[in-house]
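These notes concern the structure reproduced below.
The values are calculated or read from the model by the stated rules, or taken from the named source; none is laboratory data. All figures in this text were calculated on a predicted structure; none of them were measured in a lab. Neighbour counts run over all protein chains shown; Cβ positions are idealised from the backbone, glycine included.
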Amino acid sequence: MFNENYLKEIGSRLRKLRKREKLTQPKLFSKLEQIRFGVDISKDDKVNDKYRGKQFISNLENGKYESGLSIDYALAYCKLCNVSLDYIYFGTESYKPEYDDIKKLIGLSDDSLNLLEKTKDKDKKFLLVLNKFLEPELSLDFINLLHSYYDFYNLAVKEKAISNAFLEHGRSRGLIVEDEDKFFHPFYPKERIYTSLYTISTESTELANKFKKLGGKK
C-alpha cells in the first residue's frame, strides 16, 4: 500500500498528461489498451465498456488505487505521452532526462520539446518548414512575427483580466449581468487591436512571400 499523497501526486501528473494530449478519460483508456494489447476498443460502443474506462482513469487520476499505477499501464502512458517512468512515478522536473541539456541551451519548455519530438515522427514536413524559418534569410522575420502574435495575445489576456475585475467591482455595487460568461468590458481602443492584427497580417504575408521565393530557388 502506497502513501495517499504519493498516489495523488502521480494522479495529478497523469491528469496533466491526459489534458495535454486533449483526450477524454474513455478515449485515453482506449488508447492505453491498444498499446498494451494491440486491441482498439474505441470501436466498441458498449456503454459499460466506456463507463469502465472512464471510471478506471478517474480513479488513477484521483489516487484511488491502493496498489498504485501498475508498470504495464505506466509504460503505456510513457509511450503514448512521450515521457519517462521517472516523470510519472517520481515527478522529475523534465519529462525526459535528455531534455535537460536542450532546455538549458535554448530555453524551451518540456511541452515544447515534447511536441517537436512527436512532430519529428508524425509530420516531417512541418520540421522542414520550421528549420527553413529559422535559417538566416527568414529567422528575423519569423521571430518578429512571433513577437507580434505575443503582443496580440497579451492584449487579449489583459483585457479579459480587466473585464473580470470590472465585473467583480460592478457586482459589489449591485450590478446585475444576465450572461456573465459573455460579459466583456473593452479596455484598449479598437484601433490598438486593429493595429496589432494588421501587423500580424502584414508580417505573415511578407514571411510567406520570402519563404516562397527561397523555396523557388531550390
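Points worth noting:
Here's the yes/no breakdown for (1) at positive phi; (2) touching a Ser or Thr at 6+ places or on another chain (Cβ under 6 Å):
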{"site": "V129", "(1), (2)": "no, no"}
{"site": "S139", "(1), (2)": "no, no"}
{"site": "I143", "(1), (2)": "no, no"}
{"site": "Y150", "(1), (2)": "no, no"}
{"site": "E168", "(1), (2)": "no, no"}
{"site": "G174", "(1), (2)": "yes, no"}
{"site": "F184", "(1), (2)": "no, yes"}
{"site": "Y188", "(1), (2)": "no, no"}
{"site": "L214", "(1), (2)": "no, no"}
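- Only residues that are aliphatic (A, V, I, L, M) and farther than 30 Å from S139 by Cα were counted across segment 159-218, and they come to 7.
- Qualifying residues in segment 143-191 (those that are in a helix (DSSP H, G or I) and among the small types (G, A, S)) - the one nearest to the chain's Cα centre (by Cα): A156
- Residue within segment 93-113 that is assigned to a loop (DSSP other than H, G, I, E, B) and within 16 Å of N5 (Cα to Cα) present: no
- Members of segment 48-88 that are over 22 Å from the mean Cα position of the chain (by Cα), surrounded by fewer than 18 Cβ atoms within 10 Å (Cβ to Cβ) and part of a helix (DSSP H, G or I): N48, D49, Y51, R52, Q55, N59, I71, D72
- Residue in segment 150-159 that is closer than 26 Å to G215 by Cβ and at pLDDT 90 or above present: no
- Taking first residues from segment 64-76 that are modelled with pLDDT under 80 and partners that are among the hydrophobic types (A, V, I, L, M, F, W, C) and part of a loop (DSSP other than H, G, I, E, B), the Cβ contacts under 8 Å between residues at least 6 apart in sequence or on separate chains come to E66/M1; E66/F2; S67/M1; S67/F2.
- Picking from residues in segment 189-218 that are surrounded by 11 or more Cβ atoms within 10 Å (Cβ to Cβ) and touching a Lys or Arg at 6+ places or on another chain (Cβ under 8 Å), the one that is farthest from L145 (Cα to Cα) is L214.
- Cβ pairs under 8 Å, 6+ apart, first in segment 101-114 and more than 17 Å from L130 (Cα to Cα), second surrounded by 14 or more Cβ atoms within 10 Å (Cβ to Cβ) and polar (S, T, N, Q): K103/S94; D110/S94
- When residues in segment 74-119 are screened for being closer than 18 Å to E21 by Cβ and among the β-branched types (V, I, T), 3 of them pass.
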